[in-house]
């Protein structure tokens, strides 16, 4: 049954994404804030399909912790689910993404329209410089910046190395870090085609104030909170 549901969801997702992508030339005509509003309807549609077809629902805890000011959001990364769900929870935001994601047909078009901070990770220090420079610009424009500090999707129950880029951006910009934990990997695993029904729990922590803290300390505090919540969710 889960296989049949997953096949139906994949078909519906492709059709829905194609339809939205065909609107991209019109969305491109608007400014960044308006484009964000127009694109914000994409994620709820996919999540609705996921709920109706695959029986996967979401529960958000700690939504009152989201600050009104711009911040750096550091989230656990287990599947494609969080790239959708965070769009429905957070105020206007920009993603930090691998540049090659923009080359994916249809999905990449929509991602490009959101004006992400697209980085070439092979360039090392140059990539970090771009993150700090463009990240500050986004924060000053009223957008929060969303990163996955582990850099790649990590299977549920495991933890990756927390990279320091997001903590450095928060430290250099003087904005708080908003930590996010979730257990999406239990139901929609890393690169998994089969989805399993259930309720994914997302937990949003209290903002971590960064004034007077070095990047490595911010990174440690973020990792400790996220992984502590992951232990509870496991």
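The values are calculated or read from the model by the stated rules, or taken from the named source; none is laboratory data. Keep in mind that what you see is a predicted model, and the values were worked out from it rather than measured. Cβ sites come from the backbone with ideal geometry, for glycine too, and all protein chains shown count toward neighbours.
Looking at segment 98-116, is at least one residue touching a helix residue (DSSP H, G or I) at 6+ places or on another chain (Cβ under 7 Å), more than 21 Å from residue 41 (Cβ to Cβ) and crowded, with 20+ Cβ neighbours inside 10 Å? Scanning segment 98-116, I find no residue that is touching a helix residue (DSSP H, G or I) at 6+ places or on another chain (Cβ under 7 Å), more than 21 Å from residue 41 (Cβ to Cβ) and crowded, with 20+ Cβ neighbours inside 10 Å, so the answer is no.
Among the residues making up segment 182-215, a single one is modelled with pLDDT of 95 or more, out of contact with any helix residue (DSSP H, G or I) (no Cβ under 7 Å at 6 or more places or on another chain) and within 15 Å of residue 170 (Cα to Cα): 209. Criterion applied to 78, 87 was being crowded, with 21+ Cβ neighbours inside 10 Å and either under 24 Å from residue 4 (Cα atoms) or out of contact with any helix residue (DSSP H, G or I) (no Cβ under 9 Å at 6 or more places or on another chain) (or both), and the one residue passing it is 78. Considering only segment 53-68, I want to know if a residue exists there that is within 17 Å of the chain's Cα centre (by Cα), under 14 Å from residue 200 (Cβ atoms) and exposed (fewer than 14 other Cβ atoms within 10 Å of the Cβ). Within segment 53-68 (the criterion being within 17 Å of the chain's Cα centre (by Cα), under 14 Å from residue 200 (Cβ atoms) and exposed (fewer than 14 other Cβ atoms within 10 Å of the Cβ)), the answer is yes, since at least one residue qualifies. For segment 67-149, the helices (runs of 4 or more DSSP H) that sit wholly inside it and include 2 or more residues that are touching a strand residue (DSSP E or B) at 6+ places or on another chain (Cβ under 7 Å) and without any contact (Cβ under 8 Å) to a residue 40 or more places away in the chain are 125-140. Quick check on my filter: what residues within segment 51-65 are within 27 Å of residue 225 (Cβ to Cβ), touching a residue at least 40 places away in the same chain (Cβ under 8 Å) and not in a strand (DSSP E or B)? Within segment 51-65, 62, 63, 65 meet the criteria.
Return yes when residue 143 is within 15 Å of the chain's Cα centre (by Cα) and either at negative phi or surrounded by 16 or more Cβ atoms within 10 Å (Cβ to Cβ) (or both) and no when it is not.
Numbers: within 15 Å of the chain's Cα centre (by Cα): yes; either at negative phi or surrounded by 16 or more Cβ atoms within 10 Å (Cβ to Cβ) (or both): yes.
Here the answer is yes, as residue 143 does meet what is asked.
Test residue 230 against the criterion of being touching a strand residue (DSSP E or B) at 6+ places or on another chain (Cβ under 8 Å), in contact (Cβ under 8 Å) with a residue 12 or more places away in the chain, surrounded by fewer than 22 Cβ atoms within 10 Å (Cβ to Cβ) and under 26 Å from residue 58 (Cβ atoms), and give yes or no. Yes: the conditions hold for residue 230. Restricting attention to segment 162-190, which residues are within 27 Å of residue 58 (Cβ to Cβ) and in a loop (DSSP other than H, G, I, E, B)? Listed by number, the residues that qualify are 162, 163, 175, 176, 183, 187, 188, 189, 190.
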